[in-house]
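What follows is a short report on a single structure.
The values are calculated or read from the model by the stated rules, or taken from the named source; none is laboratory data. Quick caveat, the model's predicted, so the values are computed rather than measured. Glycine gets a Cβ as well: all are built from the backbone with ideal geometry, and neighbour counts include every protein chain shown.
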Amino acid sequence: MKKIYQKIILTCLTTLFIASVTAQNNAINYWTISNKGAVANLDKVNRSSQPSTSQIYQLDLNAFKNALIGAPVRGESTSKSNLIMAFPTTEGNLEHYRVLESPIMHPDLAAMYPMIKTYVAQGIEDQTAYMRFSVTQFGLHTMSLSGKRSTSYIDPYTKDLSSYIVYDRSSLGTNPQPFECLTPQDGNLPSLKNDKIENNKATNDQKFRTFRLAQTCTAEYGNIFATTPGSEYADIQAQMTITINRVNSVYEVDLAITLQFIAQQNSLIFFGSTSADPWNGEYNTTTQNFLNSTLANNDYDIGHNFNTSGGGNAGCIACVCINGQKGSGMTGRANPTGDAFDIDYVAHEMGHQFGGYHTMNTCSRSGSGQTEVEIASGSSIMGYAGICATNVQMNSDAHFNYVNVRDISINVKPGGNSTCAAVINITNNPPTASAGADYTIPKSTAFVLEGTATDADGMGSLTYEWSQNDPTQSPGNAAPLSTYTVGPMYRAKMPITSPNRYLPRLQDVIAGNLTPTWEVTPSVGRVLNFSFMVRDNDIQGGQTADDLMKVTVSGTSGPFTVTSQTTAVTWNEGATETITWNVANTTAAPVSAANVNIYLSLDGGYTYPITLASNVPNNGTANIIVPSGAATTAARVMVRGAGNIFYALNTTNFSITASEFVMSFLPAATTSDVCAPASATYNFTYNTFLGFNQVTTFSATGNPAGTTVVFSPTTAQNNGTPVTITINGITPAMIGSYPITVTGTAPSPLVVKNSIITLNVYATTFNPMTLSTPANGALNVTGPYTFSWVADPNAATYDIDIATDAAFTNIVDAATGLVANSYISGAVLSSNTIYYWRVKPSNQCGSGSFSSAYSFTTSNCNSTVSTAVPVTISSSGTPTITSTINIGVTGTINDIDVVGLIGTHSWINDLTVTLKSPQNTTITLWDQICANENDFNLNFDDAAASATLPCPPTGGGTYQPQGSLAAFNGEDPLGTWTLTIVDNFNQDGGALNGWGLNICLTSISTTIPQNGIVNTITIYPNPTSNAFTLDLGNIENVENIILLDVQGKLIYENNNIINSKIKIDLNNKSEGIYILKVQHHNEVNTYKVVKQ
């Protein structure tokens, strides 16, 4: 009996195991790979476009449907679905998904059409894969988003629904049909203007929103699908379901929004006679009126029309839930099926209805002023891919740009316009996103954006998207140029599984191309703004996070390039090799990269698993030890700014081979610093490989003439032999740096290996330092404050002091251990102030003396903003408005800029803007620029890089004015400055909201004479309560002294200066600012005196 029971138990367990395996195998066996030849004789489903590459599979559709019976319904349970199904890929593999039923029809409508089912699925092998699919009388249709591959689709291939075509979006060609989005870009998003932006700008509130869709169609649309008498409504509803199910794929991942057809759908569908429907070439108002007459306002949240017109128009922006507007959207195409119709057009127009604006920067530019962040046509859903003169690509990618997720999220959350959704709470936690710090990089240099993220639910499903976030209009309409200072330079891309984005693409940098068509590296100074967006792609409803950062491109540094390994050289493992690069001023501010990291790639430059050197000085050269185990024929070197994001690669693949022997120096042992007279010592280990056992003889070249190099021992044969190198006879006359080649030679067969060691010879005495810039007595010195001096070959480092007095008792900035013979001060120096600076050399032997001090005077620049704002620009007539600034400082202008010129006005082409000085000199800042663009926010500077203003000029950039601001140079700024705006045409109006002036005046002389006496004027006490003393010091031949109040009224004058100290009485004068002018040798110096 015991054996019988054991046999029964074993049989049951075996049966359960077989059943489990069979269930899994059944999931796989719904599909059988096939080919087009096998189904050549079957009728094919008509397609709007054919993919260039695809796979054909046979599907047992009935078994597939049966497997879906009883699928868990999304939202009814928080546990993972136990229904796992397989779906084929274009690579010929099967991927598994957890499947939930996810109805998108009202239950009453679903009861009418039980043959129409929709589902959502999450990838198992690829957790980033998010699929929606439908099963209808037209077969299976899927759409799968993934961070690891292109968007993929499965569609019926043959009309008998037995064969299916599997393809990626990247292989789908375009079948151009006329299409134009006619949505007016004047939507109202009040929440964009309030303080809720930061909290509401991402899909992160753990809410899943369902909006009720009233989907209408014209008879022309209906007749395409109503081909079976008696089932017309079902067939049209099935096709609508296929489209909206795919639209929902993107909306659920990016926005946690889904659309559900209302119960009354049959009353919205037309077929048969085309004269029986209410549409006659106009769709927006007609659709809204039709819905108004057919449905109650509370029956639906968003209404839309499908037609065959070849255009799209949402009718409004951010109008979902708004009665009288929410039903005015429409999309039309001659063949209203497939990816282009579903994603490029329907998702686009509905995106407008939910609050999304256009993203294309130049082609038919029509965004909100904050959204035009994509090059040319753009490539995301709210762009114009494929329908512009300059197209980034021919169809849209299935994702919303950060700016659209931001705006739509704000609109559907509390405080927005579209808050009528049915909302359920989900347990899916939102991720977090960090774009990292802001960086400054050199021009014409590649860089990599590196983000980080966290997610309490796990990291496996996260995808990442870096996008440029610069909406200012580019100067040109085609691909960007490297000289553009505004607008986007880098195209938008689909989310991927890496949080890093190389700009340009790494494969382009490897090919030596830093300016590929749609990822153009700036060759001029500018600011690049970026958004970093994280999606969690969760089956409950996606959650997102985002963060912003900026990259400042320095126009005074770069290009940063690797200058070594330019040919296919061969390195030996264990050898010492030299890597060189062009520093290109990257050690100086604002880049300030004092050190670099050096990495090695073994696969042609695509990955860099080996660190060759960390935090080595950014001086253009470094010796490294080639690591063992790195043999390859496709080596590349990357040099990257330490603590920064810019990098450069060497230009050619090279080889690394295993070596018969190596002279193994530790990296720190390849350099010796000595104080002459002395000897230098180095140590290495002689290592052999590959069974090598010959005697190797050591020698050296490149050592200073007059020295001797001694090896101990002079030869080696055994692996692991320690060797000491001693260089004798070093004298102070040999000051300098010497690269010395150490050679090991084995005779038969001849094997020669070289390593480089460095000898730095220093002396204990230094020559006097010679300072260069700023020159002694330099005037009008402006930041960034760059100091340079003549390099001393005996100096290893330098110290610098900057002070407000010649005795250096008040040091405002100092630096020690500087390697370069220059320094850019990060200190904030006061305007019109005398500063003193000095430099001291040092080396391993000691320190020299400080140089004689140089002095300079900072520019006498001051910024003043107008308080006479805002000023309304009436929309009635052709008004002229003025705003003024009163300048209370006297002197001689040597530079002037207009800053913070901000205002609103529709059709800024109406405006002429001029600036007038107190001396009535007038220049034109701009005269009727752009066309129908709105508003302005800009600055004017004669030294700006561009005279071409973007349209609209709203990005806060700086440009050359139409007239020259230099016309004011030489004038006294004291008095009233007037900004005038002339509105040349009727109707449009606005306001001047702000403007200011940055005025620089000629400064006083500050030369330090050779006798060390400072020619400076002293005023004390200042401020004063009654009188002050003017101390002329040792200045002779002062010709005139006058004192003015801020209105220019003469308070005091002295033309007969006898004493060097003059007391001036203000006892009976008002409190305030007074201007003192001292004329000396035809030069007038100006000072401010304050009475309080």
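Before moving on, here are some points about what is shown:
- Here is the figure for region 572-582: residues that are buried (at least 22 other Cβ atoms within 10 Å of the Cβ) and either modelled with pLDDT of 95 or more or closer than 16 Å to Thr651 by Cβ (or both) total 2.
- Residues satisfying the stated conditions in region 970-983, i.e. at pLDDT below 95 and under 39 Å from the mean Cα position of the chain (by Cα): Asp983
- Residue list for region 668-717, restricted to those being farther than 14 Å from Lys753 by Cβ and touching a Gly at 6+ places or on another chain (Cβ under 7 Å): Gly706, Thr707, Thr708
- Of the strands (runs of 3 or more DSSP E) lying entirely inside region 986-1079, the ones with 3 or more residues being modelled with pLDDT under 85 are found at 1018-1020, 1038-1045.
- Within the set Ala398, Ala479, Ala456, the sole residue that is part of a loop (DSSP other than H, G, I, E, B), more than 30 Å from Arg74 (Cβ to Cβ) and hydrophobic (A, V, I, L, M, F, W, C) turns out to be Ala479.
- Any hit, region 798-816, residues being of a type in the set (Val, Ile, Thr), touching a helix residue (DSSP H, G or I) at 6+ places or on another chain (Cβ under 8 Å) and in a strand (DSSP E or B): no
- Single condition Phe306 does not satisfy, out of (1) buried (at least 24 other Cβ atoms within 10 Å of the Cβ); (2) over 25 Å from Ser49 (Cα atoms); (3) over 35 Å from the mean Cα position of the chain (by Cα): (2)
- Matching residues in region 833-852 - criterion: being crowded, with 18+ Cβ neighbours inside 10 Å, small (Gly, Ala, Ser) and in a loop (DSSP other than H, G, I, E, B): Gly848, Ser851
- Among the conditions (1) surrounded by 22 or more Cβ atoms within 10 Å (Cβ to Cβ); (2) assigned to a loop (DSSP other than H, G, I, E, B), the only one that Asp546 does not satisfy is (2).
- Within region 154-171, residues that are of a type in the set (A, V, I, L, M, F, W, C) have Cβ atoms under 6 Å from residues that are surrounded by 22 or more Cβ atoms within 10 Å (Cβ to Cβ) and not in a strand (DSSP E or B) in these pairs: Ile165/Tyr157, counting only partners at least 6 apart in sequence or on another chain.
- Screening the candidates Thr53, Thr118 for the property of being touching a residue at least 24 places away in the same chain (Cβ under 8 Å), part of a loop (DSSP other than H, G, I, E, B), polar (S, T, N, Q) and within 26 Å of Ala398 (Cβ to Cβ) yields one hit, Thr53.
Per-residue answers, yes or no, for (1) outside the structural domain of Glu519 (by the TED database); (2) free of Cβ contacts under 8 Å to residues at least 12 places away in the same chain; (3) farther than 30 Å from Ser49 by Cα; (4) among the β-branched types (Val, Ile, Thr):
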| position | (1), (2), (3), (4) |
| --- | --- |
| Phe400 | yes, no, no, no |
| Asn404 | yes, no, no, no |
| Ile426 | yes, no, yes, yes |
| Ala437 | no, no, yes, no |
| Ile441 | no, no, yes, yes |
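- Strands (runs of 3 or more DSSP E) wholly inside region 633-699 that include at least 2 residues being on the phi < 0 side of the Ramachandran plot, at pLDDT below 95 and of a type outside the set (Phe, Trp, Tyr): 661-664, 671-675, 678-688
- One residue alone among Thr804, Thr786, Thr782 is at pLDDT below 95, of a type outside the set (D, E, K, R), surrounded by 14 or more Cβ atoms within 10 Å (Cβ to Cβ) and closer than 22 Å to Val591 by Cα, and that residue is Thr786.
- Members of region 374-408 that are within 28 Å of Asn204 (Cα to Cα), out of contact with any strand residue (DSSP E or B) (no Cβ under 8 Å at 6 or more places or on another chain) and not hydrophobic (A, V, I, L, M, F, W, C): Ser379, Ser396, Asp397, Asn404, Asp407
- Unmet requirement for Asn395, which otherwise passes all of (1) at pLDDT below 95; (2) closer than 25 Å to Gln260 by Cβ: (2)
- Verdict on Asn266 being surrounded by fewer than 23 Cβ atoms within 10 Å (Cβ to Cβ), assigned by the TED database to the domain that holds Ile381, part of a helix (DSSP H, G or I) and not aliphatic (A, V, I, L, M): yes
- Residue match in region 908-923 (condition: crowded, with 18+ Cβ neighbours inside 10 Å and farther than 22 Å from Asp983 by Cα): no
- Subset of region 345-381 [of a type in the set (Val, Ile, Thr) and in contact with a His (Cβ under 9 Å, 6 or more places away or on another chain)]: Val346, Thr371, Ile381
- Among (1) touching a residue at least 40 places away in the same chain (Cβ under 8 Å); (2) within 40 Å of the chain's Cα centre (by Cα); (3) in a loop (DSSP other than H, G, I, E, B) - the single one Ser883 does not satisfy: (3)
- Unique residue being on the phi > 0 side of the Ramachandran plot, under 45 Å from the mean Cα position of the chain (by Cα) and modelled with pLDDT of 95 or more when the list is Ala256, Ala238: Ala256
- Test for Ser830: is it surrounded by fewer than 17 Cβ atoms within 10 Å (Cβ to Cβ), under 39 Å from the mean Cα position of the chain (by Cα) and not in a loop (DSSP other than H, G, I, E, B): no
- Test: Thr517 is without any contact (Cβ under 8 Å) to a residue 60 or more places away in the chain and part of a loop (DSSP other than H, G, I, E, B): yes
- Test result for Thr285, of a type in the set (Ser, Thr, Tyr), buried (at least 24 other Cβ atoms within 10 Å of the Cβ) and within 16 Å of Gln353 (Cα to Cα): no
Listed here are the residues, each with its yes/no results for (1) closer than 25 Å to Met360 by Cα; (2) touching a helix residue (DSSP H, G or I) at 6+ places or on another chain (Cβ under 9 Å).
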position: Asn404; (1), (2): yes, yes
position: Asp407; (1), (2): yes, yes
position: Thr419; (1), (2): no, yes
position: Tyr439; (1), (2): no, no
position: Lys443; (1), (2): no, no
position: Ala453; (1), (2): no, no
position: Ser461; (1), (2): no, no
position: Ile496; (1), (2): yes, no
position: Gly512; (1), (2): no, no
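- Ile317 aliphatic (A, V, I, L, M), assigned to a loop (DSSP other than H, G, I, E, B) and not assigned by the TED database to the domain that holds Ser152: yes
- Pairs meeting the criteria (first residue in region 670-693 and free of Cβ contacts under 8 Å to residues at least 12 places away in the same chain and closer than 19 Å to Cys845 by Cα, second residue loosely packed, with under 15 Cβ neighbours inside 10 Å and aliphatic (A, V, I, L, M), beta carbons under 6 Å, at least 6 apart or on different chains) are lacking.
Residue by residue, here is whether (1) under 24 Å from Ser628 (Cβ atoms); (2) touching a residue at least 40 places away in the same chain (Cβ under 8 Å); (3) surrounded by 15 or more Cβ atoms within 10 Å (Cβ to Cβ) holds:
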| position | (1), (2), (3) |
| --- | --- |
| Ala705 | no, no, no |
| Thr708 | no, no, no |
| Ala716 | yes, no, yes |
| Thr721 | yes, no, yes |
| Thr724 | yes, yes, no |
